[in-house]
Amino acid sequence: MDSPQSGVPTSGVPKSGVARSSVDWVRSLTRTAAILTGGAALVSCAVILGFAVFGEPGADDPSATWLAVSLVAMYLLIGVALSVTVTNPGRPALISAAALTGGSLILCAITVATMPDPGHGHWISHRQSLGAFAFGMAAFGGALLMLAEWVVRTGPGDTPPVSLVVRVCVLSVAFVAVVAAAGTSAAHELAESANTEATTTASAVPVADLSDFEHLNSAYPGGGAVGTPFGLLITSPDTLAVTAYDAGSGRKRWEHVRHNRTFAQPPMTSADGRVVALVGDRRDAPSGTSAILLDTATGRMFADRRYTGEEGRVLAVTDQALLIQPEKALGTVEAFAYGGAHLWTYTAPERCLVRVVEQAGPRLAAAMNCAADDVSADKPRVAAIDAQSGAGLWEWQGPVVGEIEPGSLTVAGERVIADVRQDVSDSEGLFAARVFRHDLTALNSADGAELWRREGLDLGSTYAVSCAGTLQVGGEDLVLGECHHATLGGQATFDVVAFALADGADAWHAAAPLGFTPGDGADPAGWFAALPDGRVLMVTDASSDVTRPECGLFVAAGGEVDELKADDGITDAGWCRGARLQATPNAVSVSFPGKVFSVR
């Protein structure tokens, strides 16, 4: 309608006098935001993909070559799309963005389709998961560039306020950064989740009478074994996997398998056997070491604590913490909570190396081998550490020269028993007999006071350092197991000597026949198991002919030794040569390479 006063047409002219709608610069701002967000997404894709190819260690991951080729193609598509969007907006930019989006989706689909089904010898690598996420980010960025050119194109002259453009830029980049960070973390977690098979249980292991050992369970597949008060744990030799069994019946209770990891250390349990630590390396990243902490009773996971190999090795696990010994500071113990928080640091006296740590109630007993200026005066030490604060409580120095090795420190109630072992062999030749002298001392865990001491114990000679003796606790006795070679035409034997925990007095001594003295590659520490009732089971090979093993399982009590007819139905004639005995509440299990059977 025309104005009656001026004769000038007024239809379509806003009262403010502005000829264009503010919607025009909003559309322009939307296009700017889409381009900035899309560009940031493409940059993040380039960074994540580069890290997946070059930052993730290769190891034996077969996807490395595919992702390296994809990286070249993706970098070319991203470069073309960004340059055309800046220099030649419109249809060329739309076409380049569409090509980028389609190519990214194809690469993402191929990456996902080529991921193997996790199983024995197959796993999804973190590199593949990151690559799929990176291609997804590229498709997201390309789609935003298409949106900017196709949907929200605007004419010239519609420029939004500069301050608003700056805010949008910051928000766009921040949004993409958050998505990229969260997505990268999620990609790692999804890879771990896809490679994990885990079950739990609420049932308990029944306790059975182990008085006669007349029942034999048939052998079933297995690897290494760890006996706990909550069942038998069987580990896999080539995958980080543990399966819990009721050893008495052979029934599987729970399992935890990580197809993309292998063991870096043997499994270790807490003092009460309730927590087991599985320390392993990722197959696609040997430096990516982790410790998985599981409840041995139920299979529930307490934590999956990552750390680098440079941090050292896991020394022990307690009911509250993971103890790590730094690789370059062997006199230091670092304690970390299950969740990863650092709790405390303990530093041993100068020139002392921490060898063993055992939990003794609210304290930790640490055995150390210490160097003196005179080698002939090297004397070990035992220190008590407060488990909560890491503070040193007391320290005991061994009265004789020698060393405390793994297996030579044990805890029984309020007693900490240390075996200071000294090599007193007459000669150092390759085939020379070796004699190890033992000095046993029981200490009060509260104040370090000496309760009793047995010195100068010489049980016999052997050819292997691995035969030098291991301590176990059985009922009211301390049991020292050691293998000895034949002398003067006699029989080589595996000997167990029992001492009363109360005062260290001799309790009894028993031996089982050995056909040969094991070499240093053997592990005789697993050839005996002390039971809560004071009896000791032993497993030996009595044959002197390596081609004709004579495996035997023996039970010793009060100095008397009886052989158990436990190999009926076991087809592996040489099962005893790599055997390890493990005590559980309702059976004693015998594990050997590839198999496990139990007697009860």
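The values are calculated or read from the model by the stated rules, or taken from the named source; none is laboratory data. Quick caveat, the model's predicted, so the values are computed rather than measured. Please note: Cβ atoms are built from the backbone with ideal geometry, for glycine as well, and neighbour counts cover all protein chains shown. Surface accessibility is based on the protein's heavy atoms, side chains included, excluding ligands, DNA and RNA. Shrake-Rupley method; radii C 1.70, N 1.55, O 1.52, S 1.80 Å.
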Item to complete: Name the shape class, rounded, prolate or oblate, that the alpha-carbon gyration tensor gives for the range 84-198, where a ≥ b ≥ c are the square roots of its eigenvalues, rounded holds for a/c under 1.5, and otherwise prolate holds if a/b is larger than b/c and oblate otherwise.
Response: oblate
Worksheet item: Once the Cα gyration tensor of the range 253-334 is diagonalised, what are the square roots of 5 times its eigenvalues, in whole Å and ordered largest first, as equivalent ellipsoid semi-axes?
Response: 21, 17, 8
Fill in: Residue-averaged 222 nm ellipticity for the chain, from DSSP H runs of 4+ at -39500 (n - 2.57), nearest 500
-8000 deg cm²/dmol
Item to complete: Using θ = phi - 60° and the Karplus relation 6.51 cos²θ - 1.76 cosθ + 1.60, list the HN-Hα couplings for the range 33-46 in order, rounded to whole Hz, with x at every Gly or Pro.
Response: 4, 5, 5, 5, 5, x, x, 4, 5, 5, 5, 5, 4, 4
Worksheet item: Per 5 Å bin from zero, what fraction in whole % of the C-alpha pairs of the range 35-133 is there, up to the bin with the longest pair?
Response: 2, 13, 23, 22, 15, 11, 7, 4, 2, 1, 0
Practice prompt. Give me the net charge of residue 448's neighbourhood, meaning all other residues with Cβ under 14 Å from the Cβ of residue 448; Lys, Arg count +1, Asp, Glu -1.
Written response: -1
Response to the item:
Phi angles of the range 210-218, converted by Karplus (6.51 cos²θ - 1.76 cosθ + 1.60, θ = phi - 60°) into ³J(HN,Hα) in whole Hz with x for Gly and Pro, give 9, 7, 10, 6, 9, 9, 10, 8, 4
Discussion item. If amide hydrogens are placed 1.01 Å from N in the peptide plane, which non-local residues have theirs closer than 5 Å to the one on residue 452?
Written reply: 442
Response to the item:
Expressed to one decimal in nm², the mean projection of the alpha carbon convex hull of the range 279-428 is 11.3 nm²
Fill in: Sequence-distant residues sharing a close amide H with residue 302 (under 5 Å, placed H)
293, 294, 295
Worksheet, complete the sentence: Rounded to whole Å², per residue accessible area for the chain with a 1.4 Å probe reads 45 Å²
Practice prompt. Note down the relative contact order for the chain as a percent, whole number, built from C-alpha pairs under 8 angstrom at least six residues apart.
Written response: 10 percent
Discussion item. Give me the dipole magnitude in Debye, nearest 20, for the range 184-319 about the Cα centre, with unit charges on the beta carbon: positive for Lys and Arg, negative for Asp and Glu.
Written reply: 240 debye
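To the nearest 20 Debye, how big is the dipole of the range 90-203 about its Cα centre, given +1 on the beta carbon of each Lys and Arg and -1 on that of each Asp and Glu?
420 debye
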Practice prompt. Would you be so kind as to identify which of 254, 96, 322 lies farthest towards the positive end of the dipole of the chain, taking Lys and Arg as +1 and Asp and Glu as -1 on Cβ and the Cα centre as origin?
Written response: 96
Item to complete: Quantify, in whole percent, the carbon and sulfur part of the accessible surface of the chain (1.4 Å probe; protein heavy atoms only).
Response: 58 percent
Item to complete: Excluding residue 280 itself, calculate the net charge of residues whose Cβ lies under 9 Å from the Cβ of residue 280, where each Lys or Arg counts +1 and each Asp or Glu counts -1.
Response: +2
Worksheet item: Around residue 525, with a cut-off of 12 angstrom between Cβ atoms, what is the net charge of the other residues, counting Lys and Arg +1 and Asp and Glu -1?
Response: -2
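Where does the range 444-600 land on Rg(C-alpha)/(2.2 N^0.38 Å)?
The range 444-600 yields a ratio of 1.06.
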Worksheet entry | Proximal lysine pairs, the chain, alpha carbons under 29 Å, eight or more residues apart or interchain | 4
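How large is the dipole of the chain about the Cα centre if only Lys and Arg carry +1 and Asp and Glu carry -1, each at its Cβ, rounded to the nearest 20 debye?
With Lys and Arg at +1 and Asp and Glu at -1, about 3640 debye.
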Practice prompt. Just name one of 150, 549, 394: the one whose Cα is farthest towards the positive end of the charge dipole of the chain (beta-carbon charges, Lys/Arg +1, Asp/Glu -1).
Written response: 150
Worksheet item: Of the labelled options (i) 1.06; (ii) 1.36; (iii) 1.28, which one gives Cα Rg over 2.2 N^0.38 Å as computed for this structure?
Response: (ii)
Item to complete: Compute the normalised compactness of the range 92-150: alpha-carbon radius of gyration over 2.2 N^0.38 Å, N being the residue count.
Response: 1.38
Discussion item. Using only Cα atoms and rounding to the nearest 10 degrees, what angle (0 to 90) does helix 64-87 make with the longest principal axis of the chain?
Written reply: 20 degrees
Worksheet, complete the sentence: Residues meeting the amide H criterion for residue 514 (H placed from the backbone, H to H distance under 5 Å, 5 or more places apart or on another chain) are 492, 493, 494
Response to the item:
Of the candidates 185, 424, 165, the farthest towards the positive dipole end of the chain (Lys/Arg Cβ +1, Asp/Glu Cβ -1, centred on the Cα centre) is 165
Worksheet item: What is the ratio of the Cα radius of gyration of the range 151-306 to 2.2 N^0.38 Å, where N is its residue count, to two decimals?
Response: 1.69
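So what are the range 536-595's ellipsoid semi-axes, whole angstrom, largest first, if each one is the square root of 5 times an eigenvalue of the alpha-carbon gyration tensor?
19, 15, 9
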Discussion item. I'd like to compare 339-348, 253-262, 90-99: which one has the highest average count of other Cβ atoms within 10 Å, and what's the full order after that?
Written reply: 253-262, 90-99, 339-348
